[in-house]
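Beneath this line is the structure, given in structure tokens, with notes to follow.
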Amino acid sequence: MIKIVLSCAAFSAMLSVILGAFAAHGLKSKLSETLLTTFQTGVQYQMYHSLALILLVILYRQMPQSLLLYSAGFMLAGIVLFSGSLYMLALTQIKWFGPITPLGGVCFIVGWALLVAAALKGAN
């Protein structure tokens, strides 16, 4: 399971670099400044949480707790829902993608809260 999380984290980080370059070079002339900023926000949060997933893998190897795996699951869901909805909103301008974004934000918050819980549980 931990190899899957690490593979997903590395793939997600790589994809955020690709999407960031795509935004900077391919979308700059095609999207309004607001939509480009929306897309770039998705890229930033995807990278932050990809790195957080790598941190979770390292922590799991030091203190294997199921809370860390649940945290990783919520962060992965957050990447898909938060960043994915921002990408789709920016690229398609379909407004109903907007309400999906906060669900991804909630997943991020739950993921971080689970990390806090794991840290407190593992603290001596």
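A few points about this structure:
- Sparse-neighbourhood loop sites, trypsin sites (Lys or Arg not before Pro) in region 19-124 - DSSP loop, at most 12 other Cβ within 10 angstrom: K28, K30
- Estimated from helices alone, the mean residue ellipticity of the chain at 222 nm is -26000 deg cm²/dmol (sum of -39500 (n - 2.57) over DSSP H runs with n ≥ 4, per residue).
- Spherically averaged projected area of the convex hull of Cα atoms, the chain: 7.4 nm².
- Note on A119 and L15: the model spin-label points, each 7 Å out from Cα along the C-beta direction, lie 2.7 nm apart.
Every number here is computed from the coordinates shown, using simple stated rules; none is lab data. What you are looking at is a predicted structure, and each value in this text was computed from that prediction instead of being measured. Every residue, glycine among them, receives a Cβ derived from its backbone with ideal geometry; neighbour counts consider all protein chains shown.
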